[in-house]
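The values are calculated or read from the model by the stated rules, or taken from the named source; none is laboratory data. Nothing here was measured: the structure is a model prediction, and the numbers come from that model. Methodologically, a virtual Cβ is constructed for each residue, glycine included, from the backbone with ideal geometry; neighbour enumeration extends over all protein chains shown.
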Amino acid sequence: MGSRWFQRGVGIVIAVLAGTAAALLWFAVASGDPEIRDEPTEGLVLGFWRVLYDSEAPALRVILAAVAMALLLAVGVAVLERRIASRSRRSVDGVVAPLAPKIVMAATRGVYAGPVTVTVLIPSHNEEVSLPATIASLLAQSQPPDRIIVVADNCTDSTPAVARNAGVEVFLSVDNEHKKAGALNQVLTQLLPEQKHNDVVMVMDADTSLDDGFIGAAVSRFTNDRALMAIGGLFYGEEGHGLLGQFQRNEYIRYAREIRRRRGRVFVLTGTASMFRPVALRTVAESRGQSIPGQPGMVYDTAALTEDNELTIALKSLGAQMVSPHQCTVVTELMPGWRTLWAQRLRWQRGALENLGAYGVRSQTMRYWAQQLGIGYGVIALSSYLLLISLALLSLENWIWFPFWLGIGALFMVERVVTVWKGGWRARVLAASLFPELFFDMVLNLIYVKGILDIAVGRQATWKHVTHETPHESQEAIR
């Protein structure tokens with residue numbers, strides 16, 4: 001587990017590594033003698049549009065260097081991830097990887113634990129508005145859950161009454177000071193001891209609605225694979241919230257597409273809706289303070305800002321097999337304003353960095369390190385691109401078109417449109433316009449930098465909770 005100085009400096013380490021990679025690419029581009037190029041040429045487009053264009057393109061060695069670096073990184077990450085997954089599947093070390101498939105299969109061979117049952121936990125803090133739709137989506141499943149428990153945490157509204165009126169159980173947290181993670185730890189402490197191998201526990205947000213077939217598909221997976229420890233849902237954004245909402249929907253569509261291309265290999269067991277075998281959660285609790293960070297006996301690490309991401313890393317560190325099937329989809333809330341979006345993403349980003357600082361560099365976290373390095377490199381690349389575009393606009397008397405770079409831009413635009421194609425015409429139009437999404441990406445980049453700086457200076461993190469609009473009021477509460 002990472003030392004204290006490393007946990008504070010993890011963001012700086014990633015920024016330095018990303019900056020070094022960018023500097024190496026710049027060196028490859030800038031090395032060698034500058035080539036003498038012709039002046040821009042005047043041409044006529046479509047018979048009436050007179051333009052200046054320049055056939056300038058990077059030297060072949062520069063193109064090859066950039067392509068080689070990209071391929072090397074992509075292939076390296078893919079090979080490393082495959083090797084780590086294969087080693088975990090073959091592991092028989094019950095101390096290092098007690099949840100590895102071979103160990104779990106050996107322990108359950110010849111033992112019938114009964115049919116797969118599903119107990120749903122819905123952690124809720126003042127969710128009287130969104131909770132009815134969440135419960136309704138569960139009851140409307142083609143295979144409804146066997147038990148639904150609303151975990152009411154420090155509620156000051158009618159959340160418990162709404163849950164009881166819907167006919168589900170209510171668990172009231174007691175003196176909880178650790179937000180969602182603390183409330184879930186309280187209910188799991190009572191629930192897990194009585195659970196058998198096939199008594200699956202599902203945790204889902206109170207502002208999420210399951211698509212029909214989610215539970216049925218998940219139960220089928222658990223029934224056919226005794227070694228499967230967890231299933232994560234693929235999430236899509238709700239309708240509404242104007243342009244900001246479409247930015248978020250496009251982002252979520254791309255994430256779901258990436259997971260499908262990875263054949264369901266989980267990156268994060270999202271808090272929107274994920275399912276766990278009880279043995280997986282019990283093993284995490286038993287391993288806290290030893291092989292993984294956290295308080296012994298607790299499933300969720302209450303020190304983590306992003307408890308779902310931390311739990312995912314914990315399970316992977318213990319050798320657990322998990323998947324996100326394409327049939328298991330949910331619709332989740334979107335942030336209605338820039339302020340709430342900033343707060344949400346800062347928590348996500350800082351939480352991800354803090355988790356890496358806590359776990360350090362180990363085989364199970366290499367994919368997460370690569371992701372953070374990729375984001376850091378992207379911050380440098382996008383910032384440099386927009387800066388150069390701005391300088392060109394300010395310095396050129398006449399705009400000059402570069403066919404080579406126009407072609408690269410066209411390919412990039414096509415990629416952006418294709419990756420959100422399933423989102424409908426609004427998603428495609430926004431992606432094709434290109435620059436609005438680049439602006440959104442720059443906002444996320446600023447959040448990334450803010451997260452690094454906050455960790456480095458030891459600034460106290462806050463947990464934001466958005467109280468949904470009621471018929472009588474709309475407010476945002478800081479929890």
**Request:** Examine the range 238-250 for a residue that is outside any strand (DSSP E or B) and in contact with a His (Cβ under 7 Å, 6 or more places away or on another chain), and state whether such a residue exists.
**Result:** no
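Quick grid of which residues meet (1) in contact with a helix residue (DSSP H, G or I) (Cβ under 9 Å, 6 or more places away or on another chain); (2) at pLDDT below 95; (3) in a loop (DSSP other than H, G, I, E, B):
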site	(1), (2), (3)
256	yes, yes, no
260	no, yes, no
266	yes, yes, yes
270	yes, yes, yes
280	yes, no, no
285	yes, no, no
290	no, yes, yes
299	yes, no, yes
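Kindly check whether there is at least one residue in the range 77-88 that is at pLDDT 80 or above and either surrounded by 14 or more Cβ atoms within 10 Å (Cβ to Cβ) or under 26 Å from residue 315 (Cβ atoms) (or both).
yes
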**Request:** Could you list, in sequence order, all residues of the range 101-131 that are within 26 Å of the chain's Cα centre (by Cα) and farther than 21 Å from residue 186 by Cα?
**Result:** 101, 129, 130
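For the range 127-139, state whether one or more residues are touching a Lys or Arg at 6+ places or on another chain (Cβ under 6 Å) and not β-branched (Val, Ile, Thr). Write out each step before concluding.
Filtering the range 127-139 for residues touching a Lys or Arg at 6+ places or on another chain (Cβ under 6 Å) gives none.
No: the range 127-139 contains no residue that is touching a Lys or Arg at 6+ places or on another chain (Cβ under 6 Å) and not β-branched (Val, Ile, Thr).
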**Asked** How many of the residues in the range 306-330 are not β-branched (Val, Ile, Thr) and not in a helix (DSSP H, G or I)?
**Response** 10
**Asked** If you check residue 252 against the conditions, is it in contact with a Lys or Arg (Cβ under 8 Å, 6 or more places away or on another chain) and within 22 Å of residue 306 (Cα to Cα)?
**Response** no
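Checking the conditions here, which among 397, 415 is over 24 Å from the mean Cα position of the chain (by Cα) and of a type in the set (Asp, Glu)?
397
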**Request:** For the range 83-96, enumerate the residues that are of a type in the set (Gly, Ala, Ser) and within 24 Å of the chain's Cα centre (by Cα).
**Result:** 85, 86, 88
**Asked** Looking at the range 190-210, which of the residues that are surrounded by fewer than 18 Cβ atoms within 10 Å (Cβ to Cβ) and in contact (Cβ under 8 Å) with a residue 60 or more places away in the chain is farthest from residue 149 (Cα to Cα)?
**Response** 196
**Item:** Test for residue 245: is it touching a strand residue (DSSP E or B) at 6+ places or on another chain (Cβ under 7 Å) and either surrounded by fewer than 19 Cβ atoms within 10 Å (Cβ to Cβ) or under 30 Å from residue 418 (Cβ atoms) (or both)
**Value:** yes
**Asked** Taking interchain pairs and intrachain pairs at least six residues apart, which have beta carbon atoms under 9 angstrom, with the first residue in the range 424-444 and surrounded by 14 or more Cβ atoms within 10 Å (Cβ to Cβ) and the second not in a helix (DSSP H, G or I)?
**Response** 427/420; 428/420; 430/420; 431/419; 431/420
**Asked** Residue check: is residue 354 touching a residue at least 60 places away in the same chain (Cβ under 8 Å), outside the structural domain of residue 135 (by TED's automatic domain parsing) and crowded, with 24+ Cβ neighbours inside 10 Å?
**Response** yes
**Complete:** In the range 202-231, residues that are within 17 Å of residue 137 (Cα to Cα) and within 21 Å of the chain's Cα centre (by Cα) total 12
**Complete:** Reported set for the range 63-103 where residues are touching a strand residue (DSSP E or B) at 6+ places or on another chain (Cβ under 9 Å) and not in a helix (DSSP H, G or I) is 99, 100
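Identify, from the list 406, 393, 373, the residue that is in a helix (DSSP H, G or I), of a type outside the set (D, E, K, R) and surrounded by 13 or more Cβ atoms within 10 Å (Cβ to Cβ).
Values: 406 fails: surrounded by 13 or more Cβ atoms within 10 Å (Cβ to Cβ); 393 fails: surrounded by 13 or more Cβ atoms within 10 Å (Cβ to Cβ).
Just one listed residue meets the conditions, 373.
For residue 113, indicate whether it is in a loop (DSSP other than H, G, I, E, B), touching a strand residue (DSSP E or B) at 6+ places or on another chain (Cβ under 9 Å), among the hydrophobic types (A, V, I, L, M, F, W, C) and at pLDDT below 95. First the steps, then the outcome.
Working: in a loop (DSSP other than H, G, I, E, B): yes; touching a strand residue (DSSP E or B) at 6+ places or on another chain (Cβ under 9 Å): yes; among the hydrophobic types (A, V, I, L, M, F, W, C): yes; at pLDDT below 95: yes.
When the stated conditions are applied, residue 113 passes them.
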**Asked** Out of all the residues in the range 290-301, is one or more more than 24 Å from residue 245 (Cβ to Cβ), in contact with a Ser or Thr (Cβ under 6 Å, 6 or more places away or on another chain) and buried (at least 16 other Cβ atoms within 10 Å of the Cβ)?
**Response** yes
**Prompt:** What single numbered condition from (1) assigned to a strand (DSSP E or B); (2) under 24 Å from the mean Cα position of the chain (by Cα); (3) aliphatic (A, V, I, L, M) fails to hold for residue 149?
**Reply:** (2)
**Request:** Please state which of the following conditions residue 164 fails to meet, knowing it meets all the rest: (1) assigned to a helix (DSSP H, G or I); (2) basic (Lys, Arg); (3) in contact (Cβ under 8 Å) with a residue 24 or more places away in the chain.
**Result:** (3)
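Of the residues 217, 181, 230, which single one is touching an Asp or Glu at 6+ places or on another chain (Cβ under 9 Å) and either among the hydrophobic types (A, V, I, L, M, F, W, C) or more than 30 Å from residue 337 (Cβ to Cβ) (or both)?
Selected residue: 181, the only one of 217, 181, 230 that is touching an Asp or Glu at 6+ places or on another chain (Cβ under 9 Å) and either among the hydrophobic types (A, V, I, L, M, F, W, C) or more than 30 Å from residue 337 (Cβ to Cβ) (or both).
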**Request:** Quick one: which residue in 96, 13 is among the β-branched types (Val, Ile, Thr), within 24 Å of residue 369 (Cα to Cα), assigned by TED's automatic domain parsing to the domain that holds residue 377 and modelled with pLDDT of 80 or more?
**Result:** 13
